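Written out below as structure tokens is the structure these notes cover.
The values are calculated or read from the model by the stated rules, or taken from the named source; none is laboratory data. Since the model is a prediction, treat every value here as computed from it, not as a measurement. Using ideal geometry, Cβ is built from the backbone for each residue, glycine included, and neighbour counts are taken over all protein chains shown. Just so you know, the surface numbers come from the protein's heavy atoms only, side chains and all, with ligands and any DNA or RNA stripped out. Shrake-Rupley method; radii C 1.70, N 1.55, O 1.52, S 1.80 Å.
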Amino acid sequence: MDDVLRGVFPFLGRSDAMPLTLADIFAARRRIRGLADATPFIPSPFMSERVGHEFLMKMEVMQPIGAFKLRGALSAIMALPEDVRGVTCCSTGNHGRAVAYAAHRRGLNAVICMSALVPKAKVDGIRAFGADVRIVGQTQDEAMTESKRLCEVEGLVEVSPFDDPHVISGQGTIGLEMLEARPDLETLLVPLSGGGLAAGVAVAAKAIKPAISVIGISMDRGAAMAQSIRAGHPVEVPEFASLADSLGGGIGLHNRLSFPLCRDLLDDTVLVTEEEIRHAMQVMFFEDRIAAEGASVVGQAAVLAGKLPKVRGPVGTIVTGRNLDMATFTKIMIGEDVHIGDLLVKGQSYGA
Ligand SMILES: *Cc1c(COP(=O)(O)O)cnc(C)c1O
């Protein structure tokens, strides 16, 4: 494609500057069709009133594993060659569940590596999807080393949680569905960690509607992508306990794709506090009657905290997951203090 055309249609041709295109996202949609669900996109009357525009929520909590990560994992695993020997990863969270489920659906062996410190409930959850859980060492690093060894010695393929073109295009199918349902959307609020979701959604949304705003939202402690964008290159950040635990972790110092895509396509990044996340979880439950992880309500948290005063509407956000610790969730709902690691989040009854 020549440069003149690229200036007019920047998302149509693949290039160094735009390694992923809308065509890749349509291809991902064909691979995951019938395996991941096209989820409902529903209005929140309460949030709409608060933001002063229609506010819509993409209900990825309704995916079979309870989170959107299934789309990316399926997109990557369904694209593997016929003779693949199996897949591996070392995520204990939604990505681990997604890889386990997706591999099972393709009839492939999945080995999920984790450290001995991972809570039994999480281990059992992943095992229940038919994966082989391998407990190695006491740290996430040791689990990662084992996953790498399985690739070298046993020929398994590692599925990245965010820095992979098929994973990103799988997550991008969410953006496609939102814009197809509501071409009038003006702003998308996207929970942001490694940036696979935000990158994919931004590629899709901006290809369809270049003027749309895509804003990435993270928690204020350990926001690796937001800090990397500010620094101009991937940086390491310390990890903290958070109500948005699914947003923790780094973006990789050798990040190839999700960093440049987020840097180039996100209009802004916004950070929210633990108290703001707690309040948004209560709003989701008491107003919208939905139980959602802290990570999946950061868009609502930013709006409710007044951090997006000039947002244009209609606004769409993605309720990304519902894999939460129910004891913690119950405490938050009844207004008790919660302790997660070294973190204390002060309780407050809803409406008080
Ligand atoms: C992984 C995850 C995110 C963030 O996705 P990235 O692609 O890493 O930015 C948000 N919410 C939930 C529930 C997740 O599991």
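Okay, here's what the table says:
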{"quantity": "Under the Karplus curve 6.51 cos²θ - 1.76 cosθ + 1.60, θ = phi - 60°, whole-Hz ³J(HN,Hα) for segment 166-174, x wherever Gly or Pro sits", "calculated": "6, 5, 5, 5, x, 5, x, 4, 5"}
{"quantity": "Cysteines without a disulfide-compatible neighbour (Cβ-Cβ under 4.7 Å), the chain", "calculated": "89, 151, 262"}
{"quantity": "With all protein chains modelled, accessible area of residue 307 [1.4 Å, Å²]", "calculated": "80"}
{"quantity": "Full-extension gain in nm, residue 152 to residue 116, via 0.36 nm per residue minus C-alpha separation", "calculated": "10.7 nm"}
{"quantity": "Residue 58 - accessible surface, heavy atoms, 1.4 Å probe, Å² rounded to 10", "calculated": "0"}
{"quantity": "Förster-model FRET efficiency, 45 Å R0, residue 334 and residue 253, C-beta, rounded to 0.05", "calculated": "0.60"}
{"quantity": "Built amide H within the under 5 Å cut-off of residue 317, gap 5+", "calculated": "56, 57, 58, 189"}
{"quantity": "Amide H partners (placed H, <5 Å) of residue 110, local residues excluded", "calculated": "87, 132"}
{"quantity": "Sorted largest first, extent of the chain alpha carbons per principal axis (Å)", "calculated": "56, 56, 39"}
{"quantity": "Within the accessible area of the chain (1.4 Å probe), percent carbon and sulfur", "calculated": "54"}
{"quantity": "Cross-link partners of residue 346 among lysines (Cα-Cα below 19 Å; sequence separation of 8 or more within a chain)", "calculated": "331"}
{"quantity": "With 5 Å bins from 0: P(r) over segment 166-218, alpha-carbon pairs, percent", "calculated": "5, 25, 35, 24, 10, 2"}
{"quantity": "Pair residue 327, residue 350: separation of 7 Å Cα→Cβ label points (nm)", "calculated": "2.2"}
{"quantity": "Segment 31-103 - Debye-derived log10 I(q)/I(0), Cα point model, q = 0.12, 0.24 Å⁻¹", "calculated": "-0.43, -1.01"}
{"quantity": "Solvent exposure of segment 69-158 as accessible area per residue, Å², 1.4 Å probe", "calculated": "45"}
{"quantity": "Nitroxide proxy distance, nm - points 7 Å out along Cα→Cβ at residue 286 and residue 109", "calculated": "5.2"}
{"quantity": "Estimated inter-spin distance, residue 184 and residue 33, nm [label 7 Å along Cα→Cβ]", "calculated": "2.9"}
{"quantity": "Cβ-Cβ FRET estimate between residue 26 and residue 342, R0 fixed at 45 Å, reported to 0.05", "calculated": "0.50"}
{"quantity": "Low-density loop positions, GluC sites (Glu not before Pro), segment 152-258 - DSSP coil, at most 13 other Cβ in 10 Å", "calculated": "236"}
{"quantity": "Other-chain or far-sequence residues with amide H under 5 Å of residue 213's (modelled H)", "calculated": "187, 188"}
